[in-house]
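Written below as structure tokens is the structure these notes are about.
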Amino acid sequence: MTQQNRYPNGTILLAIGTKRGLFLLTSRDRVHWEVENTALNGRRIFYAVFDQRSGCRLFAADNGDFFGTFLRYSDDWGQNWQEPRHGIQFAQDSGMKLNNIWYIEPGRPTEPGVIYAGVDPASLWMSTDNGETWEPNAGLLSHPTRERWEPGAGGLCLHSIVVDPTNSDRMWVGISAVGCLRTDDGGRSWAFANKNTRAGFLPDPYPEFGQCIHRLLQHPTQPDVLYQQNHCGIYKSLNAGRDWIDVQNNLPSEFGFPLALDPHHPETLFVVVEEGNGRHNFGDQFTVYRTHDAGKEWEPLTRGLPSGHNVRLGVLRHGMCTDVLDPCGVYVGTNTGQLFASSDRGDNWQMIADYLPPIYSVSATIVQ
């Protein structure tokens, strides 16, 4: 996995998954950006992420319309791609067929070969050899309630994976429209973690499962603190998901997909909420909202973002992220192909790319 750096150390590198390929954006100062193609052209790239724990391997979820679904990796910054020796495929006698790969999450720093992936139909896959071979998590695949799981509008997709760096047996996943599940025994069993999260579209708005979670994150220094963006609000948990607190408060809509946090000030969160039916900005101003107090109060961030009667921008669940610099950079990609960036925690914004295909995902890496 080792290779010579194509970019100087300290380069900010964005991997942009789109409806028609994977793009890389690079910058040394977060003001001037260069856009580059990769060899993944014309494919639906739901997510891509760099793993620098040993070398720098780029993973991509390549979901073809006609030619199949693949997890691919590149060791030369996206110029050439390889497939695993044993990829993500359900057994022929399982009765299940791989629809899409939604998310890829590198494992703990202490487990440099471990990679996780979430797919539709909802299942968690794991590789222990840097993505060369993959196996499903049997505990989640055989969950006793599985036959009663219902898909969200995007399918029965496992789209969020939170690996607890402080506890090798604990992790969480988010599944639409099932909710949040947690394991405390290394994935052998899974329990629902949805108490007090609302499913307003169901007859019982507070079921054990059936919530449409959209994004799930963990506080970087307080491992029991979790945040989620949901179909029906924004929530935080102070006790590892045993119950949740609604922190929508003064946000103008309960519906939204993306969620990000400032790694140096993790009570600072960023969300985009949308008009629920149209799946676009609420009102005539495209707005990112920020809280400095974990959701007690939200402020609109609009300086440099577009407004007008014709502005109808949507952001998908992986379309927003932050970098690890201080002040953190915030990056937002829209489903109409614009990419906005802020280098000062959202105070000011600039459009750093336009005319891209619809953007599915944005992930940020600082080259080391």
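With respect to (1) over 27 Å from V178 (Cβ atoms); (2) in contact (Cβ under 8 Å) with a residue 24 or more places away in the chain, the lone exception for E299 is condition (2). Residue pairs whose Cβ atoms lie under 7 Å apart, sitting 6 or more positions apart in sequence or on different chains, and linking a residue in region 188-202 that is within 17 Å of D243 (Cα to Cα) to a partner that is part of a loop (DSSP other than H, G, I, E, B) and among the acidic types (D, E), are F192/E208; N194/E208; K195/D243; N196/D243. Once region 112-149 is narrowed to residues that are aliphatic (A, V, I, L, M) and part of a loop (DSSP other than H, G, I, E, B), the residue that is nearest to G186 (Cα to Cα) is V114. Considered as a group, the residues in region 86-111 that are more than 25 Å from D65 (Cβ to Cβ), part of a loop (DSSP other than H, G, I, E, B) and not small (G, A, S) include one that is modelled with the highest pLDDT, and that residue is R108. One residue stands out in region 150-159 among those that are of a type in the set (A, V, I, L, M) and part of a loop (DSSP other than H, G, I, E, B): the one that is farthest from L124 (Cα to Cα), namely A153.
Contact annotation: residue pairs with Cβ atoms under 6 Å, 6 or more positions apart or on different chains, pairing a residue in region 52-70 that is under 15 Å from I16 (Cα atoms) with a partner that is surrounded by 19 or more Cβ atoms within 10 Å (Cβ to Cβ) and of a type in the set (G, A, S), are L58/S74; L58/G78; A60/A48. Here is a check on your reading of the model: is I245 aliphatic (A, V, I, L, M), farther than 21 Å from L301 by Cα and under 18 Å from the mean Cα position of the chain (by Cα)? For I245, the condition - aliphatic (A, V, I, L, M), farther than 21 Å from L301 by Cα and under 18 Å from the mean Cα position of the chain (by Cα) - is not met. Within region 1-13, residues that are at pLDDT 60 or above have Cβ atoms under 6 Å from residues that are assigned to a loop (DSSP other than H, G, I, E, B) and of a type in the set (A, V, I, L, M, F, W, C) in these pairs: R6/W77; Y7/V367; N9/V367; T11/V367; L13/V367, counting only partners at least 6 apart in sequence or on another chain.
The values are calculated or read from the model by the stated rules, or taken from the named source; none is laboratory data. Since we're looking at a predicted model, the values are computed, not measured. Cβ: placed from backbone, ideal geometry, glycine included. Neighbour counts: every protein chain shown.
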